[in-house]
Amino acid sequence: MAVMNSTPADEQRELLAHVLLPVAHEEDALATAAALEPYGPDRVTALHVVEKADGAPDKTPVEQSEEVARESYAAVRTVFPDAEDHTAYARDVVGAIFDVADDVGATAIAYRARGGNRLTRFLSGDLSIKLVSDAECPVIALPREDSDE
């Protein structure tokens, strides 16, 4: 509930009270955390979703995916030393992000769009579109320094 006397700075503080930070791998985690750092969130939970296949062999062995998650969390902690971590296992990556946001009480989800041209994003189902359009909590799209568009 918004307070009538709240200022934009107060609203930003509330938005950044607990940010869920989905990360794919170590390099992505470091870049995403660095992009979030200037906004000064109060609390950060890094999330790595291990994508499960639907009846087919998983894309990567679980042990390898869990190692990628550990490396990602370590990278986030170089920027946010007190960051919490959460690993989810799901076929629906965006659905898992929303579920974890709800489970941990995140006030916002912050993400950095993955690279690739428009065709690549279209063919991959562009998770960013689903993330932004289907969310029940605020979603913060962080800037990409290496953007090719």
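The values are calculated or read from the model by the stated rules, or taken from the named source; none is laboratory data. Predicted model, so just to flag it, every value in this text is computed and none were measured. Here Cβ is always computed from backbone atoms with ideal geometry, including for glycine, and neighbour counts include all displayed protein chains.
Values as computed for the structure displayed
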quantity: Which numbered condition Thr78 misses (of (1) surrounded by fewer than 19 Cβ atoms within 10 Å (Cβ to Cβ); (2) modelled with pLDDT of 95 or more; (3) not in a helix (DSSP H, G or I)); calculated: (3)
quantity: Residue that is touching a Leu at 6+ places or on another chain (Cβ under 7 Å), touching a residue at least 40 places away in the same chain (Cβ under 8 Å) and small (Gly, Ala, Ser), where the choices are Ala75, Ala83, Ala90; calculated: Ala75
quantity: Any hit, the range 49-66, residues being among the hydrophobic types (A, V, I, L, M, F, W, C), surrounded by fewer than 20 Cβ atoms within 10 Å (Cβ to Cβ), modelled with pLDDT of 95 or more and part of a helix (DSSP H, G or I); calculated: no
